[in-house]
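Visitor: A single structure is presented below for examination.
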């Protein structure tokens, strides 16, 4: 089990009241992964969400001819795993710990049960996830702009 | 104007001859190609005697006057900047590993008939080109050797608005001599005010007489009256703030429907100073040159950056020009960039009037309720 | 004419070393290093007269006779007092290509120093956060070199640098040296997936967002494509930094670099004189206006 203090400071939870945070803490435990550990595979049923504390996780997909391509890395402070919240509840990419990783693992089935039972908790939690997701979307769009490309290529 | 003198029409011819004799190239107005242009004068006979001008938005026509006044016109297509800040000049040439500056032969230029607006414009060019950390030495040399005979306006043109810009019709400081032309049935005379020791010296060599009190009052009064006869005026508000508040004004799209981005306004404007450079080589590539020529912010390439231009739309380019002229010039150079000469209005092929656009911007700002909270950017 | 005009003419002659503002000063290429497929760092030494020393953030106008002249920020050690200049140039057009193609022994023309500096001296005693995107790493390198030369004068030093791919990261050897130092934090990230890269993959704002900052103690220096600077500044502002403590390096077309040609205007700013380094309190509103 982790303490509410460890969850504070993450955008995921900063809209929750102290009581809500305490309830959520029941669904959180600290985990570690050895380098090279596959956290989840593309296509699997999605369960679990991790708040990375140390180390780096690579999101990757296999492309014939290119091999395993890392499309995004996540580091300390980043949230890994959203596909559990909405259908089709399946992972879109695979996730591998590139080094030793320490993270807070959220038991998402418990979180979903808590949120279903109490929308007053579910809503701020969903907003917290949305905020993290939005930041990721903006960064991804920035990468699509190819800002560092040369005018000669256009 | 104590100690003012009076020159006759013949005295004016004498002044020109005396300046030429001292080695000056005398630049002044003359009729050419159905317009009054600035050119080198060989004598006073080349002055546009009896010629006046009808100027209006998008319109400039010569007309015959009933008298023989030589300064009874305004808003010609050129300003004096061509002679201080030429439209083309060689900067340097390079042979092998050395760079040699272009050496202009020292030429002493005399300007004859500089209006108050144009005198103020010369001073503004002096701030931009001569007053920064890296002055344009060629400009500074030309200006240092200048002899200026200003002309007070008594008949402002249809596009003039120097009074509302605070630059005229009375010439401000910066002249060696200032003439106010008075012509009636009896007499054609120039009441002379001395502005510098050099002016005093030149005047002392001419046939002249002292001006009496009535003549001085008449000359001064005629110029003061001109302030009330301007063809138009700029709204009496803080233009710098108006443009700063108007970056997203709906006016820009409206102007863009009319403005051809032809750049005439920047060419005729006496304070527009932007230049660009051009590099060339001979066939062997051993000898290279760089020259500088006038540029216009209406050119799409003016803002070229990283493979494209920053200001692509005509709306953004018009906004840039008027904002620089009336507003950001203050931030960059400490004054307005506009002297109220009205040339941009006369020489715009579609007759866009900078005073009307400023007025419209003010109306739009009021209508939108903006500008009431005060500036939110640093001044 | 009046006395002050004459003294201006005299000052003009004296100011630019007896020459003219637009006259390039010959410098010889004494070093050339290819940083990436389209970036070259040139080391220049004066053929005769040296220019005044350049401060980090300032730029030179580099000329190849017959081709043209462009504004390039200095990218080298600001403490060098031998008159040498280091500039990193990206081949994006005719003039930059010609400059990239010069070889040791060639002579090019240099004018400068021009513009405002990063103001490292005003950040003494504070945390330095340096954010660079792409070739923006070149104008900030002098900040790092200057700060590391007087390391005790500053608190934390953090460099966050993004590039499109590992091959396009500039100064890779130096980045590795800095990353190995315990008194500098280096976060590198690339935009596009690349084989053989086991570092971070993501936009430069991502590691930036995860930094723990003491906002009141921090000065940020941001350099790169304009949207990258806007996005990075947005992250820094959301972390509680004051806009006045964020410094960006802005760019517009320049023909003279000396405040005479009128090209480099960004609203009220003449970037050759009021920039290129501008604090975000001034720059933010201007960068938000399209086609300004």
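The values are calculated or read from the model by the stated rules, or taken from the named source; none is laboratory data. Being a predicted model, the structure only gives us computed values, none of them experimental. In this analysis, Cβ positions are derived from the backbone assuming ideal geometry, glycine residues included, and neighbour counts consider all displayed protein chains.
Visitor: From the list C:205, C:218, which one is buried (at least 24 other Cβ atoms within 10 Å of the Cβ) and more than 17 Å from the chain's Cα centre (by Cα)?
Guide: Of C:205, C:218, the one residue that is buried (at least 24 other Cβ atoms within 10 Å of the Cβ) and more than 17 Å from the chain's Cα centre (by Cα) is C:205.
Visitor: Are any residues in the stretch B:129-145 touching a residue at least 60 places away in the same chain (Cβ under 8 Å) and buried (at least 23 other Cβ atoms within 10 Å of the Cβ), and if so, which ones?
Guide: B:129
Visitor: Looking at the stretch B:48-101, what strands (runs of 3 or more DSSP E) fall wholly within it and have at least 1 residues that are surrounded by fewer than 16 Cβ atoms within 10 Å (Cβ to Cβ) and within 14 Å of chain C (Cβ to nearest Cβ)?
Guide: Those strands (runs of 3 or more DSSP E) span B:88-95, B:98-101.
Visitor: Hey, residue A:86 hits all of (1) over 11 Å from the mean Cα position of the chain (by Cα); (2) farther than 23 Å from residue C:197 by Cβ; (3) without any contact (Cβ under 8 Å) to a residue 60 or more places away in the chain; (4) not in a loop (DSSP other than H, G, I, E, B) but one; which does it fall short on?
Guide: It fails just one condition, (4).
Visitor: Please specify each residue of the stretch B:322-351 satisfying the condition of being in contact with a helix residue (DSSP H, G or I) (Cβ under 9 Å, 6 or more places away or on another chain), more than 23 Å from residue B:229 (Cβ to Cβ) and part of a loop (DSSP other than H, G, I, E, B).
Guide: Correct list: B:334, B:335, B:337, B:349.
Visitor: Further question on the same structure: Of the conditions (1) assigned to a loop (DSSP other than H, G, I, E, B); (2) more than 9 Å from chain A (Cβ to nearest Cβ), residue C:194 satisfies every one except a single condition; which number is it?
Guide: The number of the failed condition is (2).
Visitor: For residues in the stretch B:298-311 being in a loop (DSSP other than H, G, I, E, B) and at pLDDT below 95, which is nearest to the other protein chains (Cβ to nearest Cβ)?
Guide: Taking the candidates together, the pick is B:307.
Visitor: Suppose the filter is in contact with a strand residue (DSSP E or B) (Cβ under 6 Å, 6 or more places away or on another chain), buried (at least 16 other Cβ atoms within 10 Å of the Cβ) and touching a residue at least 24 places away in the same chain (Cβ under 8 Å); does residue A:81 pass it?
Guide: yes
Visitor: Looking only at residues in the stretch B:273-297 that are in a loop (DSSP other than H, G, I, E, B) and in contact (Cβ under 8 Å) with a residue 40 or more places away in the chain, which one is farthest from residue C:68 (Cα to Cα)?
Guide: The qualifying residue farthest from residue C:68 (Cα to Cα) is B:273.
Yes/no matrix, rows are residues, columns are (1) within 16 Å of the chain's Cα centre (by Cα); (2) crowded, with 18+ Cβ neighbours inside 10 Å; (3) in contact (Cβ under 8 Å) with a residue 40 or more places away in the chain:
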position	(1), (2), (3)
C:26	no, yes, yes
C:44	no, yes, yes
C:48	no, no, no
C:58	yes, yes, yes
C:63	no, yes, yes
C:94	no, no, no
C:104	no, no, yes
C:122	no, no, yes
C:127	no, yes, yes
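Visitor: Among the residues of the stretch C:127-147, write down those that are in contact with a helix residue (DSSP H, G or I) (Cβ under 8 Å, 6 or more places away or on another chain) and either assigned to a helix (DSSP H, G or I) or under 11 Å from residue C:225 (Cα atoms) (or both).
Guide: Selection gives C:132, C:133, C:134, C:136, C:141, C:143, C:144, C:146, C:147.
Visitor: So, in the stretch C:239-278, how many residues would count as being within 16 Å of residue C:225 (Cα to Cα) and in contact (Cβ under 8 Å) with a residue 12 or more places away in the chain?
Guide: So the count comes out to 13.
Visitor: Additional query: Mind checking whether some residue in the stretch B:220-236 is over 18 Å from residue B:153 (Cβ atoms) and either surrounded by 13 or more Cβ atoms within 10 Å (Cβ to Cβ) or touching a residue at least 12 places away in the same chain (Cβ under 8 Å) (or both)?
Guide: Yes; the residues of the stretch B:220-236 include at least one that is over 18 Å from residue B:153 (Cβ atoms) and either surrounded by 13 or more Cβ atoms within 10 Å (Cβ to Cβ) or touching a residue at least 12 places away in the same chain (Cβ under 8 Å) (or both).
Visitor: Would you mind telling me which numbered condition in (1) free of Cβ contacts under 8 Å to residues at least 40 places away in the same chain; (2) under 30 Å from residue C:23 (Cα atoms); (3) within 14 Å of chain B (Cβ to nearest Cβ) residue C:227 fails?
Guide: (2)
Visitor: Determine whether residue C:160 is in a strand (DSSP E or B), surrounded by 23 or more Cβ atoms within 10 Å (Cβ to Cβ) and away from every other protein chain (no Cβ under 14 Å).
Guide: no
Visitor: Further question on the same structure: Determine which single condition residue A:36 fails, assuming it passes every other condition in (1) over 14 Å from the mean Cα position of the chain (by Cα); (2) in a loop (DSSP other than H, G, I, E, B); (3) surrounded by 13 or more Cβ atoms within 10 Å (Cβ to Cβ).
Guide: It is condition (3) that residue A:36 fails.
Visitor: Another question, if that's okay. Hey, could you check the stretch B:246-260 for residues that are more than 10 Å from chain C (Cβ to nearest Cβ), surrounded by 17 or more Cβ atoms within 10 Å (Cβ to Cβ) and under 22 Å from residue B:340 (Cα atoms) and say which is nearest to the chain's Cα centre (by Cα)?
Guide: Checking each candidate, the answer is B:259.
Visitor: Can you confirm whether the stretch A:131-140 contains a residue that is exposed (fewer than 14 other Cβ atoms within 10 Å of the Cβ), touching a helix residue (DSSP H, G or I) at 6+ places or on another chain (Cβ under 9 Å) and not in a loop (DSSP other than H, G, I, E, B)?
Guide: No, every residue in the stretch A:131-140 fails to be exposed (fewer than 14 other Cβ atoms within 10 Å of the Cβ), touching a helix residue (DSSP H, G or I) at 6+ places or on another chain (Cβ under 9 Å) and not in a loop (DSSP other than H, G, I, E, B).
Visitor: Look through B:334, B:351, B:314 and report the one residue that is modelled with pLDDT of 95 or more, surrounded by fewer than 21 Cβ atoms within 10 Å (Cβ to Cβ) and touching a strand residue (DSSP E or B) at 6+ places or on another chain (Cβ under 9 Å).
Guide: B:351
Visitor: One residue is enough: does the stretch B:79-89 have a residue meeting the conditions more than 30 Å from residue B:280 (Cβ to Cβ) and over 17 Å from the mean Cα position of the chain (by Cα)?
Guide: no
Visitor: Hey, could you check the stretch C:200-212 for residues that are touching a residue at least 12 places away in the same chain (Cβ under 8 Å) and out of contact with any helix residue (DSSP H, G or I) (no Cβ under 8 Å at 6 or more places or on another chain) and say which is nearest to residue A:149 (Cα to Cα)?
Guide: Looking at the filtered set, the residue picked out is C:201.
Visitor: Take the residues of the stretch C:257-292 that are touching a helix residue (DSSP H, G or I) at 6+ places or on another chain (Cβ under 7 Å) and over 25 Å from residue C:54 (Cβ atoms): which is farthest from the other protein chains (Cβ to nearest Cβ)?
Guide: Only one residue tops the list, namely C:287.
Visitor: Return the residues of the stretch B:277-297 that are at pLDDT below 95 and surrounded by 17 or more Cβ atoms within 10 Å (Cβ to Cβ); say none if nothing qualifies.
Guide: none
Visitor: Here's something else I'd like to know. State all residues of the stretch A:101-154 that are in contact (Cβ under 8 Å) with a residue 24 or more places away in the chain and either within 14 Å of chain B (Cβ to nearest Cβ) or in contact with a strand residue (DSSP E or B) (Cβ under 7 Å, 6 or more places away or on another chain) (or both); if no residue qualifies, say none.
Guide: Those that are in contact (Cβ under 8 Å) with a residue 24 or more places away in the chain and either within 14 Å of chain B (Cβ to nearest Cβ) or in contact with a strand residue (DSSP E or B) (Cβ under 7 Å, 6 or more places away or on another chain) (or both): A:101, A:102, A:103, A:104, A:105, A:106, A:108, A:132.
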